[in-house]
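Structure first, then comments.
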Amino acid sequence: MSWDEAFADLYEEWSADMTADVAFYVDLACAADGPLVELAVGTGRVAIPVAQATGRPVTGIDSSPAMLAQARARAARAGVKLDLRQADMRDLALGEPAGLIYCPFRALLHLPTWPDRRRVFERVTASLRPGGRFAWNAFAFDHRIAARLDGGHQQEPVPHTNRYSVGDNRIDIILDSGAKSSLWWATKNEWLGLLDVASLELEALYGGFGREPFTGESREYVFIARRPVTGNTH
Ligand SMILES: C[S@@+](CC[C@H](N)C(=O)[O-])C[C@H]1O[C@@H](n2cnc3c(N)ncnc32)[C@H](O)[C@@H]1O
């Protein structure tokens, strides 16, 4: 299990410092023609500002009832409309093709295997309008960071320990409360391979949310892909 329900209790504190991504996804949403969909919407941390900025509803898919309950409460407090659906993103199916599908805060890394991600990418292609965009971000694995953090206890943002399983390209984040969340990192070539098998076009790869160029020193992949306007898709 990649996402422990008990993680939801501390998610607001856990994600408090992650604010840099919001304007990036809001800008994409403002430019999108067609329905807006967030995969792994969580508490609505990004979906609520997207709905506020665009004045349009956002469909939010998440498998966690505890996270969706928080999203529902927060959306009601903010007075915005989210269409929240409890579902696995691997089974994404929309009534109407989307103009933008996005997946912030490295949430695609909760999928353990390459075939899991392939399913998501293929579902994304099938769920986008021609020309519609798919955007996501994920960290780039750095062995120096792993060596520094592996097994050590950290106080911020919530007391926790990271454990790296390099052979399985997995990090387990274990909160002091016992709640665990696992992430399976992927290389740039794996991401590009996913675009290839899903017949999506790479529009841009940035090294940060300010649209900095991606370089060998970048530690975050910030991807924008597009369903081709013409041509074959699955
Ligand atoms: C790090 S949170 C991201 C939440 C939100 N997108 C944000 O940026 O704050 C990861 C979310 O992924 C969800 N998740 C994990 N695996 C999933 C899956 N297979 N399908 C749908 N949601 C999933 C978890 O329930 C959790 O809410």
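Derivation of every value follows stated rules applied to the coordinates shown; laboratory data play no part. Source: prediction; values computed, not measured. For neighbour counting, all protein chains shown are included, and Cβ atoms are generated from backbone atoms with ideal geometry for every residue, glycine included.
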Cα pairs beyond 15 Å in region 138-179, in percent, come to 41
Can you run the Rg to Rh ratio on region 79-161? Use alpha carbon positions and the Kirkwood inverse-distance Rh.
-> 1.08
Burial-style ranking of 138-151, 49-62, average other-beta-carbon count within 10 Å with highest first, yields 49-62, 138-151
The convex hull of the Cα atoms of region 47-94, divided by residue count, gives a volume in Å³ per residue of 62
Counting DSSP beta bridges in region 135-206, what percent are antiparallel, to the nearest 5?
-> 95
Value of [θ]222 nm, deg cm²/dmol, for the chain, DSSP H segments ≥ 4, -39500 (n - 2.57) each, nearest 500 = -8500 deg cm²/dmol
Asp168 to Met18: FRET efficiency via 1/(1 + (r/R0)^6), r the Cβ-Cβ distance, R0 22 Å, to the nearest 0.05?
-> 0.30
Sticking with the crude label model, points 7 Å out along Cα→Cβ, report the distance from Gln154 to Ser177 in nm, one decimal please.
-> 1.8
Starting from 0 in steps of 5 Å, tell me what percent of the Cα-Cα pairs of the chain lands in each bin.
-> 1, 6, 14, 19, 21, 18, 12, 6, 2, 0, 0
Compactness relative to 2.2 N^0.38 Å, alpha carbon Rg of region 1-48 | 1.33
Cα-based radius of gyration of region 17-115 once divided by 2.2 N^0.38 Å, which approximates compact folds | 1.00
Quick note on Tyr11, Tyr25, ordering by fewest other C-beta atoms within 10 Å, gives Tyr11, Tyr25
Counting DSSP beta bridges in the chain, what percent are antiparallel, to the nearest 5?
-> 60
Run the numbers on region 1-84 and let me know its relative contact order in percent, using alpha-carbon pairs under 8 Å that are six or more apart.
-> 29
Under the Kirkwood approximation applied to all pairs of distinct alpha-carbon atoms, what is the hydrodynamic radius of region 96-234 in Å?
-> 16.2
Relative contact order for the chain, counting Cα pairs under 8 Å that sit 6 or more residues apart, in percent | 20
Listing His153, His160 from the residue with the fewest other Cβ atoms within 10 Å to the one with the most, what is the order?
-> His153, His160
